Amino acid sequence: MKVLLVNPGWGKMVSRVGRRFNRAWPPLSLMIGAALLEKTGADVRIIDGRVACNWRKRLRREAKESDWIGLTSSPLDRWQCPNLEIAHFVDIARELPSDRLLIMGAHGTLFPQAMLKATGAKGVIIGEPEEKLAALCTTEDWTSIPGIVFRRGAEIARTGESSPLDLSRLPMPAFHLIKPQKYSYELLGRPFALFETSRGCPYDCSFCFKAMYGRGVRYKPIKQLMAEIECAVREHGFRYGYFMDLEFTANRNHAAAVCDELIGRKYSLRWCCQTRADAVDAALLDLMRQAGCRLIHFGVESGSPRILNEINKRINLESIERGIRLTKEAGIECACFFMLGFPGETESEMEQTIKLARKLNPSYASFHAVTPYPGTSLAKSLHPSVSTEVSEMHFPVHCAGHNPAFLDNMVRRAYLSYYLRLPYLLERLRDGNPRSWLCQLQLFLGFAR
């Protein structure tokens with residue numbers, strides 16, 4: 001059995017719709033799905049449109065030779081913030097043999113029947129795809145597979161809800177099916193790998209899109225995680241990595257155990273993670289630095305106390321400032337993420353956010369207009385009667401009540417006012433490196449134009 005797994009390219013480095021990054025990061029969920037399929041004896045190949053030249057031509061050619069084609073609209077690194085240009089994805093899907101096509105990702109998870117209709121696919125996977133993908137390719141009776149929508153003759157069938165995936169059952173990702181040197185992160189380097197120590201998040205921020213993760217938080221056994229890192233570093237030469245947990249330090253003991261293992265193995269791996277500013281302390285940050293952590297992503301979101309309360313962030317400005325300060329003191333760079341345009345947010349409150357960004361002065365700051373992803377409590381508060389059981393897929397770019405042109409201008413203003421400060425420019429010239437400057441300039445121009 002030949003199975004082709006596809007991570008499509010999305011065009012430019014920064015998408016025009018919603019300003020999403022289209023970074024060259026490994027498609028980890030496809031690599032795990034590929035490993036599960038290989039265990040069944042399948043011949044699996046991965047086409048990654050984010051890094052491959054002429055990938056659509058190769059896709060059309062290899063699709064003809066494949067028994068099954070698995071196409072994802074959002075690999076694991078885009079589960080939380082999927083692209084909004086769904087028409088682009090549908091166009092790609094329609095070029096493929098529909099009777100052998102399986103769709104994965106956030107868009108089909110939210111609108112499975114609409115995705116099935118739009119793409120003509122044989123089946124759509126809802127939620128975590130890895131085990132379901134392997135089951136669809138190897139099982140004749142699809143009614144026994146939970147969490148899918150599929151064509152059964154002239155009818156469309158939907159099976160029951162699936163349980164959150166047990167991470168201990170996952171195999172070693174198929175690192176051998178990708179080319180490490182193709183993958184990079186401009187804030188760290190290349191070759192760049194993705195890892196995960198957990199899935200899920202214990203918090204309930206109103207804007208956060210978690211449909212792909214399922215309920216609760218699940219942790220990967222430390223021994224299993226370290227075997228994956230050992231394979232990536234020793235056998236495949238990865239030098240940089242990102243732990244893709246939604247909140248890496250939410251479980252302090254687990255995070256510390258990961259760091260202890262990394263320190264003991266003396267890897268040269270340099271890595272980053274994502275967490276909350278109130279979930280770090282000096283001792284843990286020092287341990288993370290010793291373990292190779294060089295960058296932490298913090299979701300700050302807003303500089304308005306009212307907005308932070310409205311979105312159920314459960315954090316105050318003092319805690320944010322303290323966490324960023326401690327991170328800097330530990331010698332770890334910060335990338336802070338801010339959003340503008342929450343429901344009812346005023347221009348003055350947006351200015352508070354821009355002002356807070358300058359006060360925190362992280363190494364990197366990212367500004368986006370708020371996207372009310374379907375299924376989030378934010379979206380439900382804006383459109384309480386809208387259901388995802390519809391015939392059309394709809395992904396709003398902005399929250400209703402805000403002028404899109406005004407929000408785009410505010411985002412542009414935020415970038416310009418942050419990155420064109422003379423003290424910041426001098427600091428980056430002193431501490432950065434030429435390759436990093438060029439990458440940052442490219443990203444800046446992508447957002448600011």
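Odds and ends about this structure:
- Under a model in which nothing but the beta-carbon of Lys, Arg (+1) and Asp, Glu (-1) is charged, segment 117-239 shows a dipole of about 260 debye around its Cα centre.
- Residue order, fewest to most surrounding Cβ atoms within 10 angstrom, among 107, 297: 297, 107
- Ascending count of other beta-carbon atoms within 10 Å, so fewest first, for 220, 266: 266, 220
- In a simple Cβ point-charge model (Lys, Arg +1; Asp, Glu -1; nothing else charged), segment 2-158 has a dipole of about 720 debye relative to its Cα centre.
- Among 34, 147, 106 the positive-end extreme of the charge dipole of segment 2-158 (Cβ point charges): 106
- Loop GluC sites (Glu not before Pro), segment 319-401, which have at most 11 other Cβ atoms in a 10 Å radius of their Cβ (DSSP): 389, 392
- With contributions of -39500 (n - 2.57) from each DSSP H run of at least four residues, the per-residue ellipticity at 222 nm computed over the chain stands at -10500 deg cm²/dmol.
- Within segment 14-113, the trypsin sites (Lys or Arg not before Pro) that combine a DSSP coil assignment with at most 13 other C-beta atoms in a 10 angstrom radius are 16, 64, 94.
- Relative contact order (%) - criterion: Cα under 8 Å, at least six apart; region: segment 2-158: 22
- Bins of 5 Å, starting at 0 and running to the largest distance - Cα pair percent for segment 222-269: 5, 19, 30, 29, 13, 4, 0
- Our coupling estimate for segment 187-195, obtained by passing each phi through the Karplus curve with A = 6.51, B = -1.76, C = 1.60 and θ = phi - 60°, is 8, 10, x, 9, x, 10, 10, 10, 10 Hz, Gly and Pro reported as x.
- Rounded if a/c under 1.5, otherwise prolate or oblate - segment 43-141, Cα gyration tensor axes: rounded
- Estimated FRET transfer efficiency (residue 13, residue 321; beta-carbon r; R0 35 Å; 0.05): 0.65
- Least to most buried among 86, 69 (fewest other Cβ within 10 Å first): 86, 69
- Length-normalised contact order for the chain - Cα pairs under 8 Å, 6+ apart - percent: 13
- Charged side chains reduced to their Cβ positions (Lys and Arg at +1, Asp and Glu at -1) give segment 249-295 a dipole of some 220 debye around its Cα centre.
- Fully extended contour minus Cα-Cα distance, from residue 380 to residue 403, at 0.36 nm per residue: 6.3 nm
- Checking the cross-link pairs 12/57; 2/122; 182/328; 355/380; 64/179 against a 28 Å limit on the alpha carbon distance flags 182/328; 355/380 as lying beyond it.
- Taking only Cα atoms of segment 90-224, radius of gyration then Dmax in Å: 16.9, 50
- Karplus 3J(HN,Hα) series, Hz, for segment 251-263 with 6.51 cos²θ - 1.76 cosθ + 1.60 (x for Gly, Pro): 9, 4, 5, 5, 4, 5, 5, 4, 5, 4, 5, 5, 5
Values quoted throughout were computed directly from the atomic coordinates according to the rules given, and no laboratory measurement underlies them. Quick caveat: nothing in here was measured; it's all calculated off a predicted structure. Note: ideal-geometry Cβ built from the backbone for every residue, glycine included; neighbour counts use all protein chains shown.
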